[in-house]
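A short worksheet on the structure shown next.
The values are calculated or read from the model by the stated rules, or taken from the named source; none is laboratory data. Bear in mind that the values here come from a model prediction, so they are computed numbers and not experimental data. Cβ placement follows ideal geometry from the backbone for every residue including glycine, while neighbour counts extend to all protein chains displayed.
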Amino acid sequence: MRRNDIFAPIHFYATAPYTCSYLPERTARSQVAFSEISAKDSALTAAYGTLVRHGFRRSGTFIYRPHCDDCHACVPVRLPVERFAPDRGQRRAMLRHAALIARECPPEFSEEHFFLYRRYLRARHTGDGMDGDSCEQYIQFLLQSPVDTFLVEFRDSGSLRMVSVIDRLGDGLSSVYTFYDPDLARASFGTYGILWQIEACRHLRLPYLYLGYWIAENRKMAYKIRFRPIEGYRHGQWLEIGGEEPAPDMATP
């Protein structure tokens, strides 16, 4: 990635090796983009959009991309929304959850959101280190952001069913994280959340929805290949991914 004026407030460094959280039998490293700007700033938001187009991702204020020595399993992926066509299962998810009412919210703490987040983690991430997240960890992970971030809450007859954390970019939206009610049988909230964000991109006339990393060997992240066509960032360019078998529906960014 060439250095230019847009990256003036950004510094880059590589981490020491650590145990990979996606493929625990492997060792990982990250390239981190660090900014001296601590608050939201238009220059940083513009720089972040360029970083995302070069494979970076955000977790709280931590902006990073994989920088592993011998592994290239993490593939940044995005959906060109105007070319997306839902499959049969995705159309069923749209119909099943058509009654959900979406409302945009600022990234501020809500006890109702936090309690749903804790229920979701206990049901879907037991034993992987996230299911014990405290209120402070929740705030650091999802609510602290140096860029243009918003929440969308989804309700059914007033009951909170799902919350999505989304970043606004110059050329699209970046899906940061989604958590939802884990107790409703036959629900497809994760799939519906991505479909809603695709339609939001179309409404805003933004060409891409960025979905973070696709890892074919990680079952919890492999669902992303179900959304087609999908592009992966490999060897410095975005190319359409094809030919992989879709994984079960586990749409949780």
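Descriptive notes on the structure:
- Residues considered: LEU169, LEU184, LEU160, LEU173. Of these, the only one that is over 29 Å from PRO76 (Cβ atoms), touching a helix residue (DSSP H, G or I) at 6+ places or on another chain (Cβ under 6 Å) and outside the structural domain of PHE62 (by TED's automatic domain parsing) is LEU160.
- Scanning segment 215-236 for residues that are modelled with pLDDT under 95 and under 17 Å from PRO66 (Cβ atoms) turns up ILE215, ALA216, GLU217, ASN218, LYS220, MET221, ALA222, LYS224, ARG234, HIS235, GLY236.
- Any hit, segment 55-63, residues being surrounded by 11 or more Cβ atoms within 10 Å (Cβ to Cβ), over 30 Å from ARG161 (Cβ atoms) and at pLDDT 95 or above: yes
- Within segment 75-125, the residues that satisfy the criterion of being assigned to a helix (DSSP H, G or I), within 25 Å of ASN218 (Cα to Cα) and not basic (Lys, Arg) are VAL81, GLY89, GLN90, ALA93, LEU116, TYR117, TYR120, LEU121, ALA123.
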